[in-house]
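Chemist: Take a look at this one; I'll ask things after.
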Amino acid sequence: MIEGLDLALVNWSRAQFALTAMYHWIFVPLTLGLGIIIAIMETLYVKTGNPEWKRITKFWMTMFGINFAIGVATGIILEFEFGTNWSNYSWFVGDIFGAPLAIEGILAFFMESTFIAIMFFGWNKVSKKFHLTATWLTAIGANLSALWILVANGWMQKPVGMVFNPETARMEMTSFWDVLFSPMAVHKFLHTTSSSFVLAAIFVIGVSAWFILKGRDIVFARKSIVVAAIFGFLASIYTVATGDSSARSVAHDQPMKFAAFEGLYNGSEGAGLVALGLISSSETDPSNENLKDFTLKIEIPNILSYMAFMDWDAFVPGINDLIRGNEKYGIMSATEKISRGKLAIEKLKAFKEAKKAGMVAQADSLKTEIMSPDFQKNYFSYFGYGYISDPHTLVPSVPLSFYSFHIMVVLGMYFILFFLMALLYTLKGKIHKHRLFLKAAIWTIPLAYLASQAGWVVAEVGRQPWVIQDLMPTMAAVTKISAGAVQVTFWLFAIIFTTLLIAEIKIMMRQIKIGPKSEGGPSHV
Amino acid sequence: MKQLRKVFRFYTEGFSSMPKWGKQVWLVILIKLFVMFVILKIFFFPNFLKTNFKTDADRSNHVLENLTDIN
């Protein structure tokens, strides 16, 4: 089945999933971050009693509402795709994903139907404090909702707390807490949510900058910038910290991804970090088109070793070490992993045939062997390698991983500076004089989205060819359906999502032009 | 009962006094949900294993067959 797979089918299925996930991710980070910013603004209103804060809260709540409404349920399409295009995968992980996704569904349902309704319909109908509680619960609920999705994603990057049952052909959860508190999942959640806070803060500053440039609603815009700049600055510092711990997790559990996004071909002790680099079009290894050398690079010595292992002189394995193996540092070669994976598949095949032939005792004995901790650790943990025929296919796209990672990091550094400048200019009361900065603030909004999307490219492209790290390659996960059918739905989604995005931008732009309203109607203070 | 009526009134009043943008996004939501659940789910995204196999045992066997058929 795997050998006979149409590559076009795998590629179209991947493209379709990437398209829907990336479009979905346009809506999500703003919801996660703006929810918290609104809650802070409303807290200021309740604490000070100043009606200006209520006006500010209501305006950003409108932006939140538009984004939330347009984006809501777009993630369900990903679940449709699991069932249709990725049936092997969805069956294989069903037991692991069931619990977190069910919790997410229930949480999202209660949050959406209850607290959001109070947030939007409850002004002047419930007490100030009750309304504020609903706003905070909406914001926290949205972030908790993201937690369960990111726990599921974290498990795909580093599968833990499970055992494979050959009888059901499923991964079965042995420890919910191991899945929930896996360092990969925890770091992923913290980094993703904090970077979403950064994006939302930039959105608030960018839109507020537009008001100042137009000479409208200056008090509103300045107050919004102060809240967003402080929140964004703290979130961006925290994003750096969570990014650092995330990178350490990746270096430990996904060394190939780590080597790819750093463009590290040959490992070394005291490895340097490529701060800036340009990858050439020539290959360092003719057998692998992914291994391209640098035309230009600025490297900071020892930083990569420290970043990965908190030791300035630690050995960081490169792509070649991971493919060929490195005895000195105890790194198993890809060939050895492939042979262990093939053995695991053979054992599973023997189980299947014994079961089919009605040889109950033999099937039971094979099942016991496959589920034994020793077999799971030494053979089944390499199961996915059994599908790999050429070790070089274990290397993800280095240019795409490298550039995405560096775009994300460079923009992340720029955002810290951006928040500081916004805060400084606003507190000095001179922000209206810095028209270039105000224009840059508007253009920083798409940059924030670019950084956010680049982060996901690093995470998802960087782990290729795996859909579940070491256990299931993408080609084994896909359903054998017509590539043409997937192509049709790809374009269908492209049209639907683009329409939704246009609708969001149009409705938002109209509301921004109307501006914040005073209780009696539009106001241009 | 009184509480339920209060909740019902809260929602109906909220919806009826909704601003123009609110009505627009609700229209987008309804169209989107219709497209997703009535058109896409039914015509383009049937659950492959649920549609083609009756029991979980059949589904397991099918996936097992796929996972072990690598030649």
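Each value in this text was obtained by applying a stated rule to the coordinates, not by laboratory testing. No experiment lies behind these values; they were computed from the predicted model shown. Here the Cβ positions follow ideal geometry from the backbone for every residue, glycine too, while neighbour counts run over all protein chains shown.
Chemist: Stretched out fully, how many nm does the piece from A:Thr368 to A:Tyr449 gain, at 0.36 nm a residue minus the Cα gap? Mind dumping the intermediate values first?
Modeler: Working: separation 81, 0.36 × 81 = 29.16 nm, distance 4.90 nm.
Result for the pair: 24.3 nm of gain on full extension.
Chemist: Which ordering of A:Trp177, A:Trp123 is given by a fewest-first count of other beta-carbon atoms within 10 Å?
Modeler: Working: A:Trp177 8, A:Trp123 16.
Arranged by neighbour count, lowest to highest, A:Trp177, A:Trp123 become A:Trp177, A:Trp123.
Chemist: How high is the relative contact order of chain A, in percent, with contacts defined as C-alpha pairs under 8 Å that are six or more residues apart? The partial results should precede the final answer.
Modeler: Numbers: 818 pairs, mean separation 114.0, N = 525.
Over chain A, the number comes to 22 percent.
Chemist: Right, another one. Enumerate the helices in chain A for which the Kyte-Doolittle hydropathy averages 1.0 or more and the C-alpha atoms extend at least 18 Å along the helix's axis, using complete DSSP H runs. Let's see the in-between values first.
Modeler: Details: long enough: A:7-48 (61 Å, 1.13); A:51-71 (30 Å, 0.12); A:87-110 (31 Å, 1.03); A:128-157 (43 Å, 0.60); A:183-213 (45 Å, 1.43); A:218-253 (49 Å, 0.92); A:334-356 (32 Å, -0.77); A:398-427 (43 Å, 1.94); A:435-461 (38 Å, 1.05); A:483-514 (46 Å, 1.39).
In chain A, the long hydrophobic H runs are A:7-48, A:87-110, A:183-213, A:398-427, A:435-461, A:483-514.
Chemist: Moving on to the next point. What spacing in nm lies between the two simple spin-label points modelled at A:Phe110 and A:Thr174, each 7 Å away from Cα in the Cβ direction?
Modeler: Those two pseudo-labels are separated by 3.1 nm.
Chemist: Still on this structure, I have one more. Less than 22 Å apart at the alpha-carbon level, and either on another chain or at least 8 residues along: which lysines does that give for B:Lys20?
Modeler: Result set, ordered by chain and number: A:Lys54, A:Lys58, A:Lys125, A:Lys506, A:Lys513, A:Lys517, B:Lys32.
Chemist: Out of residues 5 or more away from A:Ile331 or on other chains, whose amide H comes under 5 Å of its own, with H placed 1.01 Å from N in the peptide plane?
Modeler: Residues meeting the amide H criterion: A:Asn326.
Chemist: At 0.36 nm per residue, minus the direct Cα-Cα distance, what do A:Glu52 and A:Glu336 gain on full extension? Give it in nm, one decimal, please.
Modeler: Values: separation 284, 0.36 × 284 = 102.24 nm, distance 6.64 nm.
Length difference between fully extended and current span is 95.6 nm.
Chemist: Now for a separate question. Name the long-range amide H neighbours of A:Ser518: under 5 Å, sequence gap of 5 or more, or other chain; modelled H, no Pro or chain starts.
Modeler: Here A:Ser523 satisfy the definition.
Chemist: Same structure, new question: Using a simple spin-label model with points 7 Å from Cα along the Cα→Cβ vector, what separation in nm is obtained for A:Lys513 and A:Ile298?
Modeler: Using points 7 Å along Cα→Cβ, the separation is 4.2 nm.
Chemist: Quick one: grab Rg to one decimal and Dmax as a whole number for the range A:80-142, Cα atoms only, in Å.
Modeler: 17.0, 52
Chemist: In terms of modelled amide H atoms, which long-range or inter-chain residues lie less than 5 Å from the amide H of A:Arg170?
Modeler: Close amide H contacts, sequence-distant or interchain: A:Asn165.
Chemist: In what order do B:Ile70, A:Ile502, A:Ile319 fall by count of nearby beta-carbon atoms within 10 Å, going from fewest to most?
Modeler: Ascending Cβ contact count within 10 Å gives the list A:Ile502, B:Ile70, A:Ile319.
Chemist: Sticking with this structure for a sec: Is the protein assembly as shown best put as rounded, prolate or oblate by its Cα gyration tensor, with a ≥ b ≥ c the root eigenvalues, rounded for a/c under 1.5, and otherwise prolate when a/b is larger than b/c, oblate when not? Before the final figure, lay out each step's value.
Modeler: On the way: a/c = 2.22, a/b = 1.44, b/c = 1.54.
Since a/c reaches 1.5 but b/c is at least a/b, the shape of the protein assembly as shown is classed as oblate.
Chemist: To continue, here is another question. I want to check the label-to-label distance for A:Ala440 and B:Phe53. Put each point 7 Å from Cα in the C-beta direction and report it in nm to one decimal.
Modeler: 5.8 nm
Chemist: What average number of partner chain Cβ atoms lie no more than 10 Å from the Cβ of the residues making up A:499-510? Present the calculation step by step, with values, prior to reporting the outcome.
Modeler: Working: counts 4, 4, 0, 0, 6, 2, 0, 1, 5, 1, 0, 3.
Other-chain Cβ atoms within 10 Å of each residue's Cβ, averaged: 2.
Chemist: Then there's this: Which lysines, on any chain, are close to A:Lys347 with Cα under 23 Å apart, when same-chain ones fewer than 8 places away are left out?
Modeler: Those lysines meeting the cut-off are A:Lys337, A:Lys355, A:Lys356, A:Lys367, A:Lys377.
Chemist: What is the calculated FRET efficiency for A:Ala99 to B:Phe37, with r their C-beta to C-beta distance and R₀ = 30 Å, to the nearest 0.05? Present the calculation step by step, with values, prior to reporting the outcome.
Modeler: Numbers: r = 24 Å, r/R0 = 0.80.
Efficiency computed from Cβ-Cβ geometry: 0.80.
Chemist: So what are the range B:1-67's ellipsoid semi-axes, whole angstrom, largest first, if each one is the square root of 5 times an eigenvalue of the alpha-carbon gyration tensor? Each step should come with its number before you reach the end.
Modeler: Numbers: eigenvalues 374, 70, 13 Å².
Ellipsoid semi-axes (Å, largest first): 43, 19, 8.
Chemist: How would you rank A:Glu346, A:Glu504, A:Glu167, going from fewest to most other Cβ atoms within 10 Å of each one's own Cβ? Could you put the intermediate results ahead of the total?
Modeler: Numbers: A:Glu346 14, A:Glu504 20, A:Glu167 17.
Ordered from fewest to most neighbouring Cβ atoms within 10 Å, A:Glu346, A:Glu504, A:Glu167 come out as A:Glu346, A:Glu167, A:Glu504.
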